[in-house]
Amino acid sequence: MSSRAVRDILSAVQADSRDTEGLPASLVRLCAQTLPVSGVGLALMTDDGPAGTVAATDDGALQLEELQFTLGQGPCVDASRTGRPVLAPDLAGTSTRSWPQFAAGADTAGLRAVFAFPLQVGAIRLGVLDLYRDTAGELSQRELADALSFADAATQLLLDLQAQDSAQGAPPAHAVAVLDDRAEVHQATGVVSVRTGASLAQALALLRARAYAEDRPIGDLARDVLDGVVGFGEADDHD
Amino acid sequence: MVREQRLAEVFVELADTLVEEFDVVDLLQTLTERCVELVDTDAAGLMLDDQRGNLRLIAHTHESARLLELFELQQREGPCLDCFATGQVIANIDLTDAADRWPVFTRAARDVGFDTSHAVPLRLRRQVIGALNLFSTGRRPLSEEHLAVAQGLADIATIGLLHQRAVRDQVLLSEQLQTALHSRILIEQAKGVLSAQAGTSVEDAFTLMRTHARRSGQPLTTVAAAVVAGHVDAGAFQQAAGPFDGPHSTGNPAAR
């Protein structure tokens, strides 16, 4: 996750957009420009399924996102549930047992391929990035790498948006730091979640907020949490 | 010399695992542990292609911040990266003399106390999907036999990841790799949650989860998911732990 490609994407997205709400729209637009796809959609996900469309490049993509939301089925639903990408390079030839109605809708819309990437940090389920194409065909290795980098950048954005919403002293979105993917960060997320009684998502937001406030890498903070040097008592996490 | 009996037992253990439903991350973890047991090394880590152009650590022996760092920094420089790029084994690296080739890696490895390192590719036909990295204290070049065993274990890791069909299937490969990476993060989160609940180290929490997974016949990832969802608590794990459980156990006392 902490690769240069993700940083570059986030910089480009920020440069292209003036406010927090515009960042997801900017990201899907950049994604559609970079990859050989006809449309891109970004959906929110919860453990119960789709929770609304955050951004879409055009009406077609928006329609498909809404369809998945309404039906509660589709490649994005499967991707979120299984935690792995759902790559359907040839919709006509794909077994679409788990989303036949969506497949029919996509076909009507003239789409021949869908690539859905879950946006998650382990058990923290945030959303899905859907790439649509009006021609069948696989993503090349390079294109897949780019798509995964866009998914990582989108995950970052959704984490920040969530943190903004809970107003826990979150870093401003324009100062977004690429998430450190060390094991310690994930372990510390679990520890903080137990200590504060918060969800994993909230725990991660707490860690990120404190790392930002103290101007130190989140990996170092995580190490201190695991070593018992730093606490996140209940008293700390409410304003 | 590799103890023949133990080698045979490990061979059976791994073969039996591969023909059943198994958890990929758990298998990779087991492979790193068997590697330090069978091959003359002290620590092992397994890194996988994340398909974004990076190598990511997926399994390792010893929960230690400095060891983790040693693997993490190899995303930028080190024998794992070179091995991954070329698909060639890099064996018997003398860390007292490797600073020219890998300055940052060599210093970090020496700081941890290692003198020798090896990197073995995870490859299937022409594709390289990762690397197995080994470290030892002292100058300990590996015999041909040990190198062969290390490569064999790396090959089993590859098979475990791609056990179903041809690797040319991009969809399958991507699913397998991304699933492993996702599972690993979930497991790390669960380690944190369980360690805080049980008041143990993350390493012990990991052992508790693996033991519980084996005893209850569930994939490790499923157990981890249950832990983070709050569906299992520390008490259930600690009651279950018994005298036969531990990193070398297959859960079957008769196999020891």
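None of the figures in this text is laboratory data; all of them are computed from the coordinates on show. Just so it is clear, the structure is predicted and the values come from calculations on it, not from any experiment. Note: ideal-geometry Cβ built from the backbone for every residue, glycine included; neighbour counts use all protein chains shown.
Taking only the alpha-carbon positions of chain B and ignoring solvent, what does the Debye formula give for the base-10 log of I(q)/I(0) at q = 0.10, 0.15, 0.16 Å⁻¹?
Reported log10 I(q)/I(0), two decimals: -0.48, -1.11, -1.25.
Divide, for segment B:1-143, the radius of gyration over alpha carbons by 2.2 N^0.38 Å, where N is the residue count.
Taking N as the residue count of segment B:1-143, the ratio is 1.03.
Please give the charge dipole size of segment B:1-111, origin at the Cα centre, charges +1 on K and R Cβ atoms and -1 on D and E Cβ atoms. Round to the nearest 20 debye.
480
Quick one: if you take sqrt(5λ) for each eigenvalue of the C-alpha gyration tensor of segment B:65-130, what semi-axes come out, biggest first, whole angstrom?
They are 21, 13, 10 Å, listed largest first.
Hey, got the average number of other protein chain Cβ atoms within 10 angstrom for residues in B:46-57?
Values: counts 0, 0, 0, 1, 6, 7, 12, 9, 9, 0, 2, 3.
The shielding value for this peptide is 4.
Could you give the radius of gyration (one decimal) and Dmax (whole number) of the Cα atoms in the protein assembly as shown, in Å?
Gyration radius and largest Cα-Cα distance of the protein assembly as shown: 22.6, 67 Å.
Can you pull out the trypsin sites (Lys or Arg not before Pro) in segment B:51-145 whose DSSP state is coil and whose Cβ has at most 12 other Cβ atoms within 10 Å?
Listed in order of number, the matching sites are B:76, B:125, B:126, B:139.
Considering only DSSP states other than H, G, I, E and B, which trypsin sites (Lys or Arg not before Pro) in segment B:1-37 qualify as loop sites with at most 15 other Cβ atoms within 10 Å? If you can, show how the numbers build up before the last one.
Values: sites: B:3, B:6, B:34; in loops: B:3.
Hits after loop and neighbour filter: B:3.
For chain A, report the translational diffusion coefficient in µm²/s to the nearest whole number, using Stokes-Einstein at 37 °C, 0.692 mPa s, and a Kirkwood Rh over Cα pairs.
Rounded, D is 179 µm²/s.
Pairs of alpha-carbon atoms within less than 8 angstrom and 6+ residues apart define the contacts here; what relative contact order does segment B:38-168 have, in percent?
28 percent.
Size of segment B:1-80 along its principal axes in angstrom, Cα-based, largest extent first?
39, 30, 20
About the Cα centre of chain A, how large is the charge dipole given +1 on each Lys and Arg Cβ and -1 on each Asp and Glu Cβ? Please answer in debye to the nearest 20.
480
Could you compute how fast segment A:1-125 diffuses translationally, taking Rh as the Kirkwood radius over C-alpha pairs and applying Stokes-Einstein at 20 °C with viscosity 1.002 mPa s? Give it in µm² per second.
Details: Rh = 15.1 Å.
The estimated diffusion coefficient comes to 142 µm²/s.
Which trypsin sites (Lys or Arg not before Pro) in segment A:32-116 pass both tests, a DSSP loop state and at most 12 other beta-carbon atoms within 10 Å?
In loop regions of segment A:32-116 (DSSP not H, G, I, E or B), the sparsely surrounded trypsin sites (Lys or Arg not before Pro) are A:97.
Restricting to DSSP H runs of at least four residues, report the calculated mean residue ellipticity at 222 nm for chain B, -39500 (n - 2.57) per run over all residues, nearest 500 deg cm²/dmol.
Helices in chain B give a 222 nm mean residue ellipticity of -16500 deg cm²/dmol.
Quick one: Debye curve from the alpha-carbon atoms of segment B:37-102 only, equal weights, vacuum; give me log10 I(q)/I(0) at q = 0.14, 0.24, 0.25 Å⁻¹ to two decimals.
-0.44, -1.30, -1.37
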